[in-house]
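Reading through the structure tokens given below for one structure.
The values are calculated or read from the model by the stated rules, or taken from the named source; none is laboratory data. Computed from a prediction, not measured in an experiment: that's the story for all the values here. As a convention, Cβ positions derive from the backbone with ideal geometry for all residues, glycine included, and neighbour counts pool all protein chains shown. Please note that ligands, DNA and RNA were not included when accessible areas were found on the heavy atoms of the full protein model with its side chains. Shrake-Rupley method; radii C 1.70, N 1.55, O 1.52, S 1.80 Å.
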Amino acid sequence: MRFRRGARLDPSQVTDVRGRRLGGGLAVGGGGVGVAALIVYLLITLLSSNGGGLGQLAPLDDRSVGQGDTPGEVSQACRTGEDANERQDCRIVGVVNSVQKFWDGVFERSGKRYPYVDTVFFTDQVQTGCGVASSQVGPFYCPNDKLVYIDLGFFDELSSRFGVENAPFTQAYVIAHEYGHHVQNQLGVLGRIGNDRQGPESRAVRSELQADCYAGVWAAHAVETGLIEDLTQADINQGLDAASAIGDDRIQEQTQGQVDKETWTHGSSEQRRRWFSRGYENGRPAACDTFSGAI
């Protein structure tokens, strides 16, 4: 995955609080990623609007739409697609820009407004609208403050513990998945999960598979956003490998030596791979209905 060298990045869509320390709160042990909580979002007092299906991609305009709180290196270093090709944090800025540009167009075609939200870079732990979270939680979307959170060290952990290549599209898949939860929040999907949070047919699993599918839909249109130069089959394979590696069955086999479907929260490796593929191959959000029938 390569970014267009002259493409303009919007670092205001990322809030960089790396290196800041929180007093008190959650104790952090080791700074690693909690295996059982990879790629999660917090379901606490969900506040969401009602919504229906989404339409197709609309014309996209260049504009700065983030919240603008970008202290640290990102605001100065991440300006162009060339920066995104050279630095991981700038690459994530570029992915955030592309994913949100895509969903803005989809919502516009459906007569809706897509609310842009920031991704927060942090280290160790961070205060969120869903409480204090540590890097052990992994990347997540908080529906209370409508922000995506990530400690970029997660990608190294994903590589060392699960053998997933720390490649550009692996990172893009993770970010696109989390913004899939933001889309769900706007459509009222997260609010309908309630207490059905575990089990192979649970609404929690269905929402995670839909977010995987939404990530695939974005990938199908990523080049159209004007930021990404091209996506190869090798890039897509990296996303598929990442989706497979973080299936509930794969994680349970590695960490506890057995699979317990009744405790699943994200779906199996096969399901995650299949729903990402479905989104990519169809290129339409309407193809991501994981709430009807078998999954």
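Show the residue pairs that are 6+ apart or on different chains and have beta-carbon atoms under 7 Å apart, the first residue being within segment 90-107 and within 16 Å of residue 212 (Cα to Cα), the second being modelled with pLDDT under 95 and open to solvent by 10 Å² or more (accessible area, probe 1.4 Å).
102/57
From the residues in segment 149-163 that are of a type outside the set (Phe, Trp, Tyr) and farther than 24 Å from residue 97 by Cβ, which one is surrounded by the fewest Cβ atoms within 10 Å (Cβ to Cβ)?
163
Any idea how many residues of segment 201-216 are over 15 Å from the mean Cα position of the chain (by Cα) and buried (at least 24 other Cβ atoms within 10 Å of the Cβ)?
Final tally of qualifying residues: 1.
Take the residues of segment 225-257 that are modelled with pLDDT of 95 or more and part of a strand (DSSP E or B): which is least open to solvent (accessible area, probe 1.4 Å)?
The qualifying residue least open to solvent (accessible area, probe 1.4 Å) is 228.
Collect the residues in segment 129-155 that are in contact (Cβ under 8 Å) with a residue 60 or more places away in the chain, closer than 19 Å to residue 74 by Cβ and assigned to a strand (DSSP E or B), keeping them in residue-number order.
Residue satisfying the conditions is 147 alone.
Here are the criteria: (1) more than 29 Å from residue 9 (Cβ to Cβ); (2) modelled with pLDDT under 95. Tell me which single one residue 154 does not satisfy.
(1)
Which is open to solvent by 40 Å² or more (accessible area, probe 1.4 Å) and of a type outside the set (Gly, Ala, Ser), of 101, 146?
It is 146.
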